[in-house]
Amino acid sequence: MSAAEPEGAPAALTGLRVVDMASLYAGPLIATILGDFGADVVKVEHPRGDDARRWGKARDGVPLWWKVISRNKDLIALDLHKPDDREIARDLCRWADVVIENFRPGRLDSWGMSYDELAADNPGLVMVKVTGFGQTGPYADRPGFGTLAEAFSGFAAITGAADGPPTLPPFGLADGVAALTGAYAALTALRWRDSRPDGRGQVVDLSLYEPLFGILGPQVIEYDQLGILQKRRGNRSPRTAPRNAYRTADDRWVTLSAGTQQIANRIFTAIGRPELADDERFSQPAARSANSELVDGIVADWIAEQRLADVLEAFERAQAPIAPVYETDQIVRDPQYLARETVVSVPDADLGRIRMQNVIPKLSRTPGRIRRTGPAEVDADRDAVLARLNTEQE
């Protein structure tokens with residue numbers, strides 16, 4: 001472990017018990033986030049193995065993404081169609097503070113594991129239910145995945161080139177945003193539980209589409225008040241200019257955004273055109289947006305004539321924000337990533353040492369830590385999990 005994450009440091013969520021009964025990405029990632037900060041997480045998967053094991057690449061038969069998403073978890077395989085396995089699952093729910101599931105609405109109820117039934121034995125239980133469209137409404141029973149949520153939320157409609165099709169992200173964006181939302185929702189529910197005399201838990205109803213919809217900006221109020229529908233604009237913004245990705249003379253890319261007039265003025269200084277700050281076409285945010293093609297072209301033309309290193313140096317001198325467009329091979333060598341240990345090398349029982357994203361965010365007194373990578377073996381921790389339950393029941 002790195003010096004920034006000492007083995008003996010206290011963990012913020014030590015003592016919190018989490019059962020991850022979800023599959024693939026959003027639900028399991030909630031449990032990963034909680035486990036990163038010290039929660040005791042038991043991962044329940046079908047005996048055939050979670051579908052996340054079959055997503056992405058493998059090395060020597062070892063699924064790589066699984067190593068990340070199942071870190072800091074103990075694994076047990078249960079087939080909830082079988083009465084004996086359901087009884088073990090119920091025992092885990094009696095043990096847990098938080099249970100995370102992403103079955104179709106009503107599936108757990110059909111197995112005698114509704115929230116009300118589980119809460120009868122464990123009144124403080126917080127259950128996070130993750131589905132594509134939520135537990136209520138006319139679409140509740142529809143199957144839902146992140147791709148559908150990215151379309152249904154309105155994200156895809158505003159993403160992509162103006163003359164191109166709606167564009168989906170090349171990674172699980174909706175799942176990731178939902179997982180972050182689910183983690184804070186679980187902790188919010190626990191805070192409420194622990195502040196009340198009755199100590200009762202509750203259900204968190206988390207759809208995949210709503211968290212992503214919620215962060216898309218002022219689109220609803222602009223439509224409501226002005227009748228405006230945001231259209232696709234590539235890398236440009238309907239609210240500020242210049243804002244784009246720009247190619248340098250040495251065939252690299254950088255991005256920038258003039259979020260305020262002060263930033264725009266610094267950009268003009270960086271490209272050697274400080275007089276543009278006094279040009280009425282560019283001296284106010286609304287004017288810059290109205291003349292976005294022109295101002296964007298001025299910036300693009302200057303960057304196209306410079307090498308990447310010279311662009312970054314000029315912008316740093318002017319204190320104008322800019323960033324290179326990185327791929328992973330550049331990320332793992334970058335001094336900022338290295339200094340903050342955003343990527344960390346950890347020991348792994350199957351592959352030796354492996355690199356992955358570190359725990360975020362950084363807490364000064366109770367930092368998160370990767371205590372263990374995801375075991376490749378299905379049911380790897382059955383004996384330990386059952387022994388834990390037996391100890392609790394004694």
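The values are calculated or read from the model by the stated rules, or taken from the named source; none is laboratory data. Not measured: the values here are computed from a predicted model. Because the Cβ atoms are built from the backbone with ideal geometry, glycine has one as well, and the counts that use them run over all protein chains shown. The protein model used for the area step is the full one, side chains on, heavy atoms only, and it has no ligands, DNA or RNA in it. Shrake-Rupley method; radii C 1.70, N 1.55, O 1.52, S 1.80 Å.
Restricting to the stretch 181-218, and then to whatever is of a type in the set (G, A, S) and in a helix (DSSP H, G or I), can you tell me which residue is most open to solvent (accessible area, probe 1.4 Å)?
So the residue we want is G214.
Starting from residues that are in contact (Cβ under 8 Å) with a residue 40 or more places away in the chain and surrounded by fewer than 17 Cβ atoms within 10 Å (Cβ to Cβ), keep the ones in the stretch 219-231 and report whichever is farthest from T260 (Cα to Cα).
Only one residue fits best here, namely K231.
Being in a helix (DSSP H, G or I) and hydrophobic (A, V, I, L, M, F, W, C) narrows it down to one of A162, A178, so name that one.
A178
Can you tell me which condition A157 does not meet? The list is (1) open to solvent by less than 60 Å² (accessible area, probe 1.4 Å); (2) part of a loop (DSSP other than H, G, I, E, B); (3) in contact with a helix residue (DSSP H, G or I) (Cβ under 9 Å, 6 or more places away or on another chain), and all the others hold.
Just one mismatch for A157, condition (2).
Surrounded by fewer than 21 Cβ atoms within 10 Å (Cβ to Cβ), among the aromatic types (F, W, Y) and farther than 18 Å from M21 by Cα: which single residue out of F133, F171 fits that description?
Every option except F171 fails the conditions.
Quick test for you: out of T167, T188, T181, T147, pick the one residue that is within 26 Å of I69 (Cα to Cα), without any contact (Cβ under 8 Å) to a residue 12 or more places away in the chain and of a type outside the set (K, R). Give the steps one after another, and end with the answer.
Working: T167 fails: without any contact (Cβ under 8 Å) to a residue 12 or more places away in the chain; T181 fails: without any contact (Cβ under 8 Å) to a residue 12 or more places away in the chain; T147 fails: without any contact (Cβ under 8 Å) to a residue 12 or more places away in the chain.
Selected residue: T188, the only one of T167, T188, T181, T147 that is within 26 Å of I69 (Cα to Cα), without any contact (Cβ under 8 Å) to a residue 12 or more places away in the chain and of a type outside the set (K, R).
Please go through the stretch 236-275 and pick out each residue that is of a type in the set (A, V, I, L, M, F, W, C), buried (at least 19 other Cβ atoms within 10 Å of the Cβ) and outside any helix (DSSP H, G or I).
Of the stretch 236-275, the ones of a type in the set (A, V, I, L, M, F, W, C) are 241, 245, 249, 253-254, 256, 258, 263-264, 267-268, 270-271.
Going one step further and asking which of them are buried (at least 19 other Cβ atoms within 10 Å of the Cβ), we end up with 241, 254, 256, 258, 264, 267-268, 270-271.
Hits for the stretch 236-275 are A241, V254, L256, A258, I271.
Of the residues that make up the stretch 335-354, is at least one loosely packed, with under 12 Cβ neighbours inside 10 Å, without any contact (Cβ under 8 Å) to a residue 12 or more places away in the chain, among the basic types (K, R) and not in a helix (DSSP H, G or I)?
Yes, the stretch 335-354 has at least one match.
Tally up the residues in the stretch 232-252 that are in contact (Cβ under 8 Å) with a residue 12 or more places away in the chain and over 25 Å from the mean Cα position of the chain (by Cα), please.
11
Check R281 against each of (1) open to solvent by less than 80 Å² (accessible area, probe 1.4 Å); (2) within 19 Å of T260 (Cβ to Cβ); (3) outside any helix (DSSP H, G or I) and name the one condition it does not meet.
Unmet for R281, out of (1) open to solvent by less than 80 Å² (accessible area, probe 1.4 Å); (2) within 19 Å of T260 (Cβ to Cβ); (3) outside any helix (DSSP H, G or I): (1).
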